[in-house]
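For reference, the structure is listed below as structure tokens.
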Protein chains: 2
Amino acid sequence: MPSVSCKDCPLRKLDIFTPFSSDEVKFMQVFKTGELKVDPGTTILMEGSNSPQLYTVLSGLGTRYTTLENGRRQVINFLFPGDFTGLQAGLMGEMKHSVDATTEMTLCVFRREDLWTLYRQFPERAYDLTWIAAVEEHFLGETIASLGQRDATQRIAWAFVRIRERLVAAGLSKGNAVPLPYRQQDLADALGLSLVHTNKTLNSLRSAGLATWRDGQLTIDNLASLAEIALIDPERPQIRPLM
Amino acid sequence: MPSVSCKDCPLRKLDIFTPFSSDEVKFMQVFKTGELKVDPGTTILMEGSNSPQLYTVLSGLGTRYTTLENGRRQVINFLFPGDFTGLQAGLMGEMKHSVDATTEMTLCVFRREDLWTLYRQFPERAYDLTWIAAVEEHFLGETIASLGQRDATQRIAWAFVRIRERLVAAGLSKGNAVPLPYRQQDLADALGLSLVHTNKTLNSLRSAGLATWRDGQLTIDNLASLAEIALIDPERPQIRPLM
DNA sequence: CGGGTATTTGACGATTCTCAAATGGTGTGG
DNA sequence: CCACACCATTTGAGAATCGTCAAATACCCG
């Protein structure tokens, strides 16, 4: 299968991403060195490695995580189409986390050495890259607030609202549901909960008629109540650049 | 008191910060529009506001936090000399968190409108800005892992090791101790623990001869054991650019 | 000396964890 | 086509970490 031309990139059309000028499209086409297609379970970036590549998720879902010395795993966040990853190794020399493909994924590949060229030749895109980093920072801060201050029910409600928001924005919603092909263990590791407690909390949300997550599909049955439980004030999904 | 000239900036000499070229020093001198000196307790940036300014901490310590709808406060991180803050409002239009001065602080002030100029005229500094954001992202990821996977003792041990590391790097250590003029409530809010439990855990660390935090001074009595408890593998403090 | 704030301590309760095992679905090989 | 292995989900029970409530103590400053 041939590589998707940036001109025809399906992600560009989405409302969460800032628009491209035609110059930017042309530049990205040169910046993009190829496409990577991986099977579920593949490790795309590995903690401690020194990846020479940066990626934008074109399709599919992934998991970003670290493993502590006692073997426990923390999922830092999930990767959705449009997410950019690999900056850390690109700028800091070494990956501090791993990224696995959860579903089959297609990624746009960029070369680390070209990053500096981007900064010199295309300040608009450099600015966007910082913007992307700032947006990421914002979400990580919100995650910290969730792990620190929300109880199990609130955490799951928060995760569901945010995940749905992002997947809808990525154009992946089907009716009232979005695809969420993770295991309960993945969500547990993301929210700092045990698998058992996650399972029981999910059941209570389901019987309360708030949200149903089954067979890799998340259905939000009552968004307003869920957002209220999650202590989220409704806001538009954060606009951001697409790399 | 006159503003510190970037040429004479005391932070530049520190090993954690990447070196400046003389061109960069000159550019920063122009970019810097002034200095802000604030008393303890002052709110420097406020959640929801649209600050036109960016800051580098020149001296003093601060607290970055958000408040949930139920009134609970999450301290996202502490601000130390050399930290850069305000990018979020600069790029995303609105602050998603607040920053308070804990001690008296002096901040280098930059104008948001000049940010774009920086990207066009000085790609090296633009690159550094992204680098700073990536380093910040890394620390937030580590914080998420702490809140999600470490218990109370491990969290405090982790915080102490990291904080000491950073304050030593900032040149603030006095013998075996570093200044840490926060309240126990601040640490509790940073680590997602209750004040009471934080207090009891601190006491147990003290009686175990690991660390003593008293009168705004943190003394690490046994760094090796503390790092082991914290599940931290010893590494050099992360090098980063200074803005 | 009195008010305000931070720290400390005790007691109790509950959210959440660990251990353990059952259930259910899927794919492979006999 | 069934048996079996493997994996994810589900359920139960007991334990423990941690939170909340309450109050005492200590410290600082006017």
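The values are calculated or read from the model by the stated rules, or taken from the named source; none is laboratory data. Source: prediction; values computed, not measured. Methodologically, a virtual Cβ is constructed for each residue, glycine included, from the backbone with ideal geometry; neighbour enumeration extends over all protein chains shown.
Which condition number in (1) within 20 Å of the chain's Cα centre (by Cα); (2) more than 9 Å from chain A (Cβ to nearest Cβ) is the one that B:His97 fails?
Single failed check for B:His97: (2).
Among the residues of segment B:75-94, what is the count of those that are at pLDDT 85 or above, within 11 Å of chain A (Cβ to nearest Cβ) and assigned to a loop (DSSP other than H, G, I, E, B)?
So the count comes out to 2.
Anything in segment B:35-58 that is on the phi > 0 side of the Ramachandran plot and in contact (Cβ under 8 Å) with a residue 60 or more places away in the chain? List them, or say none.
Of everything in segment B:35-58, just one residue is on the phi > 0 side of the Ramachandran plot and in contact (Cβ under 8 Å) with a residue 60 or more places away in the chain, namely B:Gly41.
Right, B:Leu107: out of contact with any Ser or Thr (no Cβ under 6 Å at 6 or more places or on another chain), surrounded by 22 or more Cβ atoms within 10 Å (Cβ to Cβ) and more than 9 Å from every other protein chain (Cβ to nearest Cβ) or not?
It is true that B:Leu107 is out of contact with any Ser or Thr (no Cβ under 6 Å at 6 or more places or on another chain), surrounded by 22 or more Cβ atoms within 10 Å (Cβ to Cβ) and more than 9 Å from every other protein chain (Cβ to nearest Cβ).
Restricting attention to segment B:9-25, does a residue exist that is within 29 Å of B:Tyr65 (Cα to Cα), over 21 Å from the mean Cα position of the chain (by Cα) and not assigned by TED's automatic domain parsing to the domain that holds B:Arg183?
Within segment B:9-25, none of the residues are within 29 Å of B:Tyr65 (Cα to Cα), over 21 Å from the mean Cα position of the chain (by Cα) and not assigned by TED's automatic domain parsing to the domain that holds B:Arg183.
With a cut-off of at least 2 residues that are surrounded by fewer than 19 Cβ atoms within 10 Å (Cβ to Cβ), name the strands (runs of 3 or more DSSP E) lying wholly within segment B:1-72.
B:32-38, B:53-59
Looking at the structure I just gave you, is A:Glu142 among the acidic types (Asp, Glu), more than 14 Å from chain B (Cβ to nearest Cβ) and closer than 20 Å to A:Arg64 by Cβ?
no
Being more than 12 Å from DNA strand C (Cβ to nearest atom), within 16 Å of A:Leu167 (Cβ to Cβ) and in a loop (DSSP other than H, G, I, E, B): is that true of A:Pro234 here?
Spelling it out, it is not the case that A:Pro234 is more than 12 Å from DNA strand C (Cβ to nearest atom), within 16 Å of A:Leu167 (Cβ to Cβ) and in a loop (DSSP other than H, G, I, E, B).
Among B:Gln149, B:Gln185, B:Gln121, which is within 14 Å of another protein chain (Cβ to nearest Cβ), surrounded by fewer than 19 Cβ atoms within 10 Å (Cβ to Cβ) and either charged (D, E, K, R) or within 30 Å of A:Ile132 (Cβ to Cβ) (or both)?
That would be B:Gln121, the only listed residue that is within 14 Å of another protein chain (Cβ to nearest Cβ), surrounded by fewer than 19 Cβ atoms within 10 Å (Cβ to Cβ) and either charged (D, E, K, R) or within 30 Å of A:Ile132 (Cβ to Cβ) (or both).
Residues that are at pLDDT 95 or above, within 14 Å of DNA strand D (Cβ to nearest atom) and outside the structural domain of B:Pro40 (by TED's automatic domain parsing): find the strands (runs of 3 or more DSSP E) completely inside segment B:127-231 holding 1 or more of those.
The qualifying strands (runs of 3 or more DSSP E) are B:211-214, B:217-220.
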